[in-house]
Amino acid sequence: MGALKTRKHVRFWLNDKLVELGDLSPTQNLLDFLRLQSGLRGTKEGCAEGDCGACTVLVGRLSGDDLVYEAVNACIRFTASLDGCHVVSIEHLRGEGGKLHPVQEAMVALHGSQCGFCSPGIVMSLYALWMSQPNADQKTVERVLQGNLCRCTGYVPIVKAARRALENGGQSADPLVNERTQMLEKLFALHDGARVEINSEAGRFILPANVDDLAQIFLDKPDATLVAGATDVGLWVTKFMRDLGTVVFTGHLGELHTILEGDEGVTFGAGVTFSEFWPLVHARFEDMGGFWGRIGGEQVRNMGTIGGNIANGSPIGDTPPALIALGAAITLRKGDKRRFMALADYFIAYGKQDRSPGEFVESISIPYLSREDQFGVFKISKRRDEDISTLCGAFRLRLDGANRVKEIVIAFGGMAGIPKRASNVEMALKGMEWNEETIALGMAAFEDDFTPMGDVRGSAAYRMLSARNLLKRFYLKTQGDLHELTRGAL
Ligand SMILES: Cc1cc2nc3c(=O)[nH]c(=O)nc-3n(C[C@H](O)[C@H](O)[C@H](O)COP(=O)(O)OP(=O)(O)OC[C@H]3O[C@@H](n4cnc5c(N)ncnc54)[C@H](O)[C@@H]3O)c2cc1C
Ligand code: FES
Ligand code: FES
């Protein structure tokens, strides 16, 4: 590697101004930066944990040669991670001739706002949709609003306002749409290939220049905290007031966002977000579609990464059970050494993963389902949208010509201290005829695999009963009987 340039400040566009920050805490969030430092108080603070969407702003970032604007939660987005981006707050919205923006106009006309506290966030979420998918259907409107809570208006007028704004169009007159090419050029000009390194009284953080640089930095500083989408780490700061020490940001690294579709399967960087992976879900893993739409809300899906979901080792992360059942593997990298392992082997015990200091998850590989495979993944949570799983079960089944179980992989989250395979249930089913009697045998074997804990999300007994019933549910799905039972529930 040639000599690397180092920059001592972060720079990004905020609405129509270029911002340069040299003395910046790694954990200062964008919401505070907007409200307290920039005097832009249109963006509101509700929960400060990524849940309510009152703080929604748009972040435009380069994706290959394109500029992508996404709704994000400013309360858990660290300002430092915005290097090279375009931040758009509600103050930047305007319609033709100084009028309200079409999205705002529709919200007013259709009574989409009462106390108004949630309204800027809702307008920003709808603005992102209006700009990127002018033909969005009702389902899509509802999906993009999953991460915006409104306590007083109710969603009917808001959804109607969204429909009206989409119908009215007007995108060709929108400044952000019109100035896209100029902004693209401005952002390219900010990407100078330098490492950003700030060591000030406010704290220390690094934005590596590329993945090789990340590997070297993390080898040298294995105690540093890696931050990808910050949808977990952000809360360590806003809720638990944790000091993260030296922070190494990874979300800007294009290499970690690559997706390679091969003949046998897909390999993608650990920094691929839930939203970036969505087209792959539609194209290759259709049975995960409903489930994918229940991970976080739109803002969390735009920020949160699959690598972060795996690396955090959470027993209730949603993707590990599904990916284990699909037979996924991960590549871990330390310096220039790489190792490859089945995802199931990565999780050792609660809070313990097979990852040594200085090592990070670089990529994830998932084989495609074969024509004989049947797959299902089911999430149980207290709230349908934007809620963490109480438990999550994933199933991949292959039958032989005589309707016997040739292969079955079952993995659960929320049933143990780690995402875990139900090996005894699998054994009870293997070689047996795929029918209700066999399912009953499988359901009885769950106690050999799991001793779940009870907590605020569900008692141990509830978890055990639900897990057993999910096996039944998967069976019904394979029989084509699930539709009537779960219409709209997944
Ligand atoms: C409102 C809200 C709703 C949520 N809903 C869901 C949900 O429905 N389902 C669900 O599963 N999760 C949910 N989450 C949790 C979170 O979004 C996910 O766990 C997400 O995948 C974390 O990814 P991230 O990139 O934001 O991780 P970060 O917060 O950046 O990091 C998480 C952890 O992973 C480490 N890390 C990140 N990348 C790497 C890497 N490449 N190598 C090694 N370590 C790494 C970090 O150091 C940290 O320890 C929700 C969070 C919020 C705030
Ligand atoms: S303030 Fe609630 S999501 Fe940010
Ligand atoms: S209008 Fe009051 S919270 Fe939505």
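The values are calculated or read from the model by the stated rules, or taken from the named source; none is laboratory data. Keep in mind it's a predicted model, so treat the numbers as computed, not measured. Cβ placement follows ideal geometry from the backbone for every residue including glycine, while neighbour counts extend to all protein chains displayed.
Things worth noting here:
Yes or no, residue by residue, for (1) outside any helix (DSSP H, G or I); (2) away from ligand 1 (no atom under 13 Å from the Cβ):
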residue	(1), (2)
152	yes, yes
158	no, yes
181	no, yes
185	no, yes
196	yes, yes
206	yes, yes
213	no, yes
216	no, yes
226	yes, no
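- Residue within segment 265-272 that is in contact with a strand residue (DSSP E or B) (Cβ under 7 Å, 6 or more places away or on another chain) and over 19 Å from residue 332 (Cβ atoms) present: no
- Residue among 49, 105, 70, 45 that is among the acidic types (Asp, Glu) and either outside the structural domain of residue 30 (by TED's automatic domain parsing) or part of a helix (DSSP H, G or I) (or both): 105
- Strands (runs of 3 or more DSSP E) wholly inside segment 326-442 that include at least 1 residues being among the acidic types (Asp, Glu), more than 22 Å from residue 272 (Cβ to Cβ) and modelled with pLDDT of 95 or more: 373-380, 405-413
- If you filter segment 419-434 down to residues that are of a type outside the set (Gly, Ala, Ser) and farther than 18 Å from residue 377 by Cβ, you find that the one that is surrounded by the most Cβ atoms within 10 Å (Cβ to Cβ) is 434.
- Residue in segment 126-133 that is within 16 Å of ligand 3 (Cβ to nearest atom), in the same structural domain as residue 158 (by TED's automatic domain parsing) and at negative phi present: yes
- Matching residues in segment 281-334 - criterion: being of a type in the set (A, V, I, L, M) and within 13 Å of residue 270 (Cβ to Cβ): 306, 310, 311, 323, 328, 329, 330, 332
Residues are listed down the side, and each one gets a yes or a no for (1) in contact (Cβ under 8 Å) with a residue 60 or more places away in the chain; (2) not assigned by TED's automatic domain parsing to the domain that holds residue 194:
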| residue | (1), (2) |
| --- | --- |
| 229 | yes, no |
| 235 | yes, no |
| 242 | no, no |
| 258 | no, yes |
| 264 | yes, yes |
| 278 | no, yes |
| 282 | no, yes |
| 286 | no, yes |
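- Residue in segment 103-119 that is within 16 Å of ligand 1 (Cβ to nearest atom) and in contact (Cβ under 8 Å) with a residue 12 or more places away in the chain present: yes
- Residue match in segment 92-106 (condition: within 16 Å of ligand 2 (Cβ to nearest atom) and either over 19 Å from the mean Cα position of the chain (by Cα) or under 23 Å from residue 206 (Cβ atoms) (or both)): no
- Any chance residue 208 is surrounded by fewer than 21 Cβ atoms within 10 Å (Cβ to Cβ) and either at pLDDT 95 or above or over 21 Å from the mean Cα position of the chain (by Cα) (or both): no
- Condition check for residue 64: more than 16 Å from ligand 1 (Cβ to nearest atom), surrounded by fewer than 15 Cβ atoms within 10 Å (Cβ to Cβ) and at positive phi: yes
- Checking the stated criteria, residue 125 turns out not to satisfy the condition of being more than 16 Å from ligand 1 (Cβ to nearest atom), of a type in the set (Ser, Thr, Tyr) and either assigned to a helix (DSSP H, G or I) or touching a residue at least 24 places away in the same chain (Cβ under 8 Å) (or both).
- Of the residues making up segment 35-59, those that are hydrophobic (A, V, I, L, M, F, W, C) and either modelled with pLDDT under 95 or out of contact with any helix residue (DSSP H, G or I) (no Cβ under 6 Å at 6 or more places or on another chain) (or both) are 36, 47, 52, 59.
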